[in-house]
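Every number in this text was worked out from the coordinates using simple rules, so none of it is lab data. This one's a predicted model, so the numbers in the text were calculated from it and none came from an experiment. Quick reminder, even Gly has a Cβ in these numbers, built from the backbone with ideal geometry, and neighbours come from all protein chains shown.
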Amino acid sequence: MNKNLKEKLKKIKMLILDVDGVMTDGRIIMDDEGRQLKNFDVRDGYGLKIIQRYGIKVAILTGRKSEVVNYRAHDLEIKEIYQGALNKKEVFQKILLKHNMAASAVAFMGDDIVDIPVLRQVGFAATVADAVDVVKKNVDYVSKHNGGHGAVREVCELILQTQGKWQDIAAKYEFTECL
């Protein structure tokens, strides 16, 4: 990892995530009643629980509205959920004001063109391996994993390791491998 990327990661105090294509594989299953089902990766969820325990705030910023997102956020103890955000850049600015935080202290993970305005503003911009190509050209980091298949966990671990918190986690769970 290059020095510039490490410096960016050390400043991160908040991780904001898109949902469809990042926290999920991007597929939406709808039943005959119009209810939506989405697949979430349990390892991504555990990564989000760990990162919150180590002081990194987590928020969800998505253009769609779905009750299942509220359930998942509640399960992961994510309090900040912004759904139906047609202008993610505008909502992002409100998040910064709410937390009195500089954009350089925020990481954002998105996968499609609607995410680019936020990706260009944050301190650390990340995307998933199966993101659209133009997004990959506008980020600091492309995960090895596809959306909904461990990409969020990968970014959580990257932040924690760079901030020197991973060693504490390794000791707690009695393993020695590092990323």
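Below, the figures for the structure above:
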{"item": "Exposure proxy ranking, count of Cβ atoms within 10 Å, fewest first, for ASP133, ASP41", "result": "ASP133, ASP41"}
{"item": "Stretch gain in nm, segment ASN138-GLU67, where the contour uses 0.36 nm per residue and the Cα spacing is subtracted", "result": "22.5 nm"}
{"item": "Chymotrypsin sites (Phe, Trp or Tyr not before Pro) within segment 139-179: DSSP coil, no more than 10 neighbouring Cβ in 10 Å", "result": "TYR173, PHE175"}
{"item": "³J(HN,Hα) computed for each position of segment 13-25 - Karplus, 6.51 cos²θ - 1.76 cosθ + 1.60, integer Hz, glycine/proline x", "result": "10, 8, 10, 10, 10, 6, 9, 5, x, 10, 6, 10, 7"}
{"item": "Cleavage-rule hits, GluC sites (Glu not before Pro), segment 124-179, DSSP coil, Cβ neighbours within 10 Å at most 10", "result": "GLU174, GLU177"}
{"item": "Size of charge dipole - segment 3-171 - debye, nearest 20, with Cβ of Lys, Arg +1 and Asp, Glu -1, no other charges", "result": "860 debye"}
{"item": "Kirkwood estimate for segment 1-55, i.e. one over the average of 1/r between Cα atoms, Å", "result": "13.8 Å"}
{"item": "J(HN,Hα) series, segment 158-171, from Karplus relation 6.51 cos²θ - 1.76 cosθ + 1.60, nearest Hz, glycine and proline x", "result": "4, 5, 5, 5, 5, 7, x, 9, 5, 4, 5, 5, 4, 5"}
{"item": "Calculated on alpha-carbon atoms, Rg and Dmax of segment 105-148 in Å", "result": "9.1, 26"}
{"item": "The chain - mean residue ellipticity at 222 nm from DSSP helices (-39,500 (n - 2.57) per run, n ≥ 4, rounded to 500)", "result": "-10500 deg cm²/dmol"}
{"item": "Geometric extent, Cα atoms of the chain - Rg, Dmax (angstrom)", "result": "15.5, 52"}
{"item": "Selection from LEU5, PHE175, LEU158, by position along the positive dipole direction of the chain (Cβ)", "result": "LEU5"}
